[in-house]
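**Q** Have a look at this one before I ask anything.
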Amino acid sequence: MRAAPTRNSEYPWDAFDPFDYLVHNYSRLRADDEEILALTQAWFAEHAGRPGAVNGAAAVKGSGAHGIDVGCGPNLYPGLAMLPLCRSVTLVDYSHSNIAWLRSHLAHCGEIWRPYWERISPQDCRGRFEQARGWLAERGRIQHGSVFDLPAQTWDLGTMFFVAESITADYAEFDRAVSRFLRALRPGAPFAAAFMEYSQGYEIAGVPFPAVGVGATELRDCLANRATEVCIHRIPTGAQPLRRGYSGMLLALGITT
Ligand SMILES: C[S@@+](CC[C@H](N)C(=O)[O-])C[C@H]1O[C@@H](n2cnc3c(N)ncnc32)[C@H](O)[C@@H]1O
């Protein structure tokens, strides 16, 4: 019997079905995503262009920054959360099926994202949904690539949601994915990274994908020496978990060193 694959490159990322994933995960705004979105939004708002920020982070003021969402899949809410601060938002994914989905959906972001935008921009304080749509079409940059190959110190703020622990079963690769994400940001850049806590892997349209089981302790270890002002929030699964085989969600907020 063949052992289950462990490494990122051994999984069929082009067989990742963005439609199935989108419907299952994001067709309605869940309480856990709502909390993650609120914390992320507040973090970026608080740390945008504050005095003393160095290099690129100083540019995170108004709409002049360059943001990146790594392993975005068909999830547009991390990109939407950065949009009001950004001149460009680069959406990177390794899967050609997700890149194709992004190419056909970025020009006119679907209604599904309206409630997410309404949390980012209550009472239209950061613009109306129609405006966000226009910004996304204008400022979104789709890039096929791997987290492991990102150039260093290139972006001013960044997000990576449910990626590092969900693209490999190998702890060293998980750690390297986090490190490469942080390294892609300039020193002093605010970031938000979300994780499925102690995930045992997942299936999309019948295709199995891997996971590394991480909790807040492993996450803290992984971020030590790579980030400052780290806050790790744990969001319990609640009465309606997204699926089986995980114990909650974790959101790590911090500033790159
Ligand atoms: C569990 S999904 C998360 C998608 C999305 N970020 C979200 O919040 O729902 C993992 C994503 O990582 C992408 N991925 C897999 N290997 C990758 C790699 N080496 N570099 C970048 N993205 C990768 C997959 O194609 C998929 O879109």
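**Q** Apply the Karplus curve 6.51 cos²θ - 1.76 cosθ + 1.60, θ = phi - 60°, to the phi angles in region 203-211 and return the couplings in whole Hz, x for Gly and Pro.
**A** 10, 10, 6, x, 9, x, 10, x, 7
**Q** How far apart, in nm, are the 7 Å Cα→Cβ label points at THR154 and HIS96?
**A** Taking the simple label geometry, THR154 and HIS96 are separated by 2.1 nm.
**Q** Here's another thing I want to ask about it. Label points 7 Å out from Cα along the Cβ direction at ARG226 and ARG183: separation in nm?
**A** Here the modelled spin labels are 1.0 nm apart.
**Q** Pick out which of TYR116, TYR11, TYR77 has the largest mean-square fluctuation in a Gaussian network model of the chain, springs linking Cα atoms closer than 10 Å.
**A** Of TYR116, TYR11, TYR77, the Gaussian network model singles out TYR11 as fluctuating most.
**Q** Which longest run of the chain has no exposed loop site in it, a site being trypsin sites (Lys or Arg not before Pro) in a DSSP loop with at most 10 other beta carbons within 10 Å, and the site itself not part of the run?
**A** Details: sites that count: ARG2, ARG28, ARG244.
Excluding the exposed sites themselves, the longest stretch runs over 29-243.
**Q** Rank LEU150, LEU85, LEU37 by mean-square fluctuation in a GNM of the chain with C-alpha springs under 10 angstrom and give only the top-ranked residue.
**A** LEU150
**Q** With contacts defined as alpha carbon pairs under 8 Å and 6 or more residues apart, what's the relative contact order of the chain in percent?
**A** Numbers: 530 pairs, mean separation 54.4, N = 257.
Answer for the chain is 21 percent.
**Q** In Å, what Kirkwood hydrodynamic radius results for the chain from the alpha-carbon pair distances?
**A** On the way: mean 1/r = 0.0551 Å⁻¹.
For the chain, the Kirkwood estimate is 18.1 Å.
**Q** If R₀ is 30 angstrom, what is the calculated FRET efficiency for the pair ALA205 and GLN240, using the beta carbon separation as r and rounding to 0.05? If you can, show how the numbers build up before the last one.
**A** On the way: r = 21 Å, r/R0 = 0.70.
Working from the Cβ atoms, E equals 0.90.
**Q** Here's something else I'd like to know. On the accessible surface of the chain, probed at 1.4 Å, how many percent belong to carbon and sulfur atoms?
**A** Details: 5570 of 10880 Å².
In the chain, the share of accessible area belonging to carbon and sulfur is 51 percent.
**Q** Name the long-range amide H neighbours of GLU203: under 5 Å, sequence gap of 5 or more, or other chain; modelled H, no Pro or chain starts.
**A** Amide H to amide H, under 5 Å and 5 or more residues apart or across chains, GLU203 pairs with PHE209.
**Q** So, one more: So with the 1.4 Å probe, I'd like the accessible area per residue for the chain, rounded to whole Å². Don't skip to the answer; put the middle values down first.
**A** Details: 10880 Å² over 257 residues.
Heavy-atom accessible area per residue stands at 42 Å².
**Q** Of all DSSP beta bridges located in the chain, what percent are antiparallel, nearest 5?
**A** Details: 19 of 38 bridges.
Just about 50 percent of them are antiparallel.
The values are calculated or read from the model by the stated rules, or taken from the named source; none is laboratory data. Model, not experiment: these values are computed from the prediction. Glycine gets a Cβ as well: all are built from the backbone with ideal geometry, and neighbour counts include every protein chain shown. When the accessible area is computed, the model is the full protein with side chains, heavy atoms only, and any ligands, DNA or RNA have been set aside. Shrake-Rupley method; radii C 1.70, N 1.55, O 1.52, S 1.80 Å.
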